[in-house]
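Taken together, the values in this text are just the output of simple stated rules run on the coordinates, not laboratory data. Since the model is a prediction, treat every value here as computed from it, not as a measurement. Methodologically, a virtual Cβ is constructed for each residue, glycine included, from the backbone with ideal geometry; neighbour enumeration extends over all protein chains shown.
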Amino acid sequence: MSKILIVDDAAFMRNIIRDILEAEGHVVIGEAANGTEAIMMYRQLKPDMVTMDITMPDMDGIAALREIKRKDSMAKVIICSAIGDQPTVIAAIKAGAIDFLVKPFQKERVLSALARV
């Protein structure tokens, strides 16, 4: 069981991820709608793992990922994005993402990414 922070500007997508995670016994300890909120909540909640969208208002997921990793090099962040082209995936991995899920994703793919962590 992991404590997870979900970061996505779309409430329906946060709900989908929450349902998948909670059905497997994980605990969603917070939700953020942009990168700035994600950084603040990461510091406050200290989750075991973060799911992070890329395209969000205020601060995108790659910038937020870099900031979280700068503060905590051991942070475990899985990027979940509709943008799955090779340059975007490479940028996310170089920034420190442990996995990259392309939306819409399958429940099994989300769970396999979590299992790798």
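Some observations on this one:
- Label-point gap, in nm, between residue 69 and residue 45 - each point 7 angstrom along Cα→Cβ: 2.1
- Couplings 3J(HN,Hα) of segment 13-20, computed from phi: 6, 4, 5, 4, 5, 4, 4, 4 Hz, in residue order, whole Hz [Karplus 6.51 cos²θ - 1.76 cosθ + 1.60, θ = phi - 60°; x for Gly and Pro].
- Net lengthening on full extension, residue 116/residue 12 (0.36 nm per residue, minus Cα-Cα): 34.9 nm
- From phi via Karplus (6.51, -1.76, 1.60), per-residue ³J(HN,Hα) for segment 109-116 in Hz, x at Gly/Pro: 5, 4, 5, 5, 5, 5, 5, 5
- Taking amide H as placed 1.01 Å from N in the peptide plane, the amide H of residue 56 sits under 5 Å from that of 61, each at least 5 places away or on another chain.
- Relative contact order computed over the chain (Cα-Cα under 8 Å; 6+ residues apart), in percent: 22
- Among (1) 7.7; (2) 8.9; (3) 6.1, the entry derived from the coordinates for mean projected area of the Cα convex hull in nm²: (3)
- Here the Karplus curve 6.51 cos²θ - 1.76 cosθ + 1.60, taken at θ = phi - 60°, turns the phi angles of segment 84-95 into couplings of x, 6, 4, x, 5, 4, 4, 4, 5, 5, 4, 6 Hz, with x standing for Gly and Pro.
- Placing a pseudo-label 7 Å from each Cα along the Cα-to-Cβ vector at residue 59 and residue 85 gives an inter-label distance of 2.6 nm.
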